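For reference, the structure discussed in these notes is given below.
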Amino acid sequence: MDDIHRSHHHFTHLKRRGIVPLITPGRSDVPNPENVQGDIIYVFPKAVEDFIFFRIGNVTQFRKDLATFKPTHGKQVYDNLVAIQQAKVQNAGWIDVVQKQIAFSRSGLNVLGLTEKTGDDRFDVYSMRDNKQFLGDGLEWDSVFDKPNSDPVNGTANVDEGAIHGIIGIAGSGYVSAFAPSR
């Protein structure tokens, strides 16, 4: 049985899911899922999801706080999917799942002193606002996100004025569990 068939067989109760986790036992060419944010590999199972966009005001304090932030890694998401599958088999109802991740803009990385190129020219040169037309986004942007003086030709990813530095994504099985103060 190949990896794709093994995955679909193992996660047979997740048929409505757009992406079924690919089980790849013993493969050295696949990143360690415990070292990759979970939504990157398996996509968070969720009933609710919310986002917190942020700007970094105090780099020293942010770094201190970031050291305590524990994003959900790929192995945890896989384990959550297994628990969901087992709950479905046993008719056990919903299980409590909370998952979180963090991402930075080029401007946010620059503020943190991480100025090396990523290898992605669109990320390193253009902000999301610069790419609005390129991305096919014809809608009005909320003024909070509408970076002033965007430049779709030359890019403004390295201009901090009005830039969002990052985003924290939180997803869960329900709003109360995902956003409880203890989480």
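Quick notes
- Surrounding net charge for residue 164, when Lys and Arg each add one and Asp and Glu each subtract one, Cβ distance under 10 Å: +3
- By average C-beta atoms within 10 angstrom, highest first, the peptides 71-78, 90-97, 152-159, 139-146: 71-78, 152-159, 90-97, 139-146
- Here the accessible area of the range 70-183 is 55 percent carbon and sulfur, with a 1.4 angstrom probe and all protein chains present.
- Formal net charge of residues neighbouring residue 74 (Cβ-Cβ distance under 10 Å; K, R +1; D, E -1): -2
- Stretchable slack from residue 158 to residue 145, in nm (0.36 nm times residue separation minus alpha-carbon distance): 3.1 nm
- Think of each Lys and Arg Cβ as +1 and each Asp and Glu Cβ as -1; about the Cα centre, that makes the dipole of the range 37-183 roughly 580 debye.
- For the range 81-161, trypsin sites (Lys or Arg not before Pro) are listed when DSSP marks them as loop and at most 16 other Cβ atoms sit within 10 Å of their Cβ; the list is 117.
- Square roots of 5 times each gyration tensor eigenvalue, C-alpha, the range 47-175, largest first, Å: 34, 19, 14
- Solvent-accessible ranking of 105, 28, largest area first, probe 1.4 Å: 28, 105
- Rounded accessible area per residue of the range 14-173, 1.4 Å, Å²: 62 Å²
- Per-bin percent of Cα-Cα distances, the range 71-139 [5 Å]: 3, 13, 15, 12, 11, 11, 11, 11, 9, 4, 0
The values are calculated or read from the model by the stated rules, or taken from the named source; none is laboratory data. Not measured: the values here are computed from a predicted model. Counting neighbours? That spans all protein chains shown, and the Cβs are built from the backbone with ideal geometry, glycine included. In case anyone asks, the SASA skips ligands and DNA or RNA and just uses the protein heavy atoms, side chains included. Shrake-Rupley method; radii C 1.70, N 1.55, O 1.52, S 1.80 Å.
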